[in-house]
Amino acid sequence: MFILQVLQVVSAILLIVAILAQQSESNVGSAFGGGEVSESGAHKRRGSEKALFISTIILAAFFVASLVTPFFF
């Protein structure tokens, strides 16, 4: 059980770091009517941004799985 708790804490910290490292699609200026306006509204992730996005999803899935696992065993 101790190993599972350590994995949960480590995955939670890594998940927080991965979420905070992602670039926000909106900035503070857009909240007040300024900032850049995109015509299409779509944003494609490329390169390291895409890798960070995918790793965040994987970390989130691992974190949820580590939380649910004790209920099945």
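Here, each number is a calculation from the coordinates, and none is a lab measurement. Note that the structure is a prediction, hence the values are computed from the model and not measured. All Cβ positions, glycine included, derive from the backbone under ideal geometry; neighbour counts span all protein chains shown.
Values as computed for the structure displayed
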{"quantity": "Residues Ala21 and Met1, FRET efficiency given R0 of 30 Å [Cβ-Cβ distance, rounded to 0.05]", "calculated": "0.50"}
{"quantity": "Within-13-Å neighbourhood charge of Thr56 [Cβ basis; K, R +1; D, E -1]", "calculated": "+1"}
{"quantity": "Cβ-derived FRET efficiency at R0 22 Å, Phe73 paired with Val9, nearest 0.05", "calculated": "0.70"}
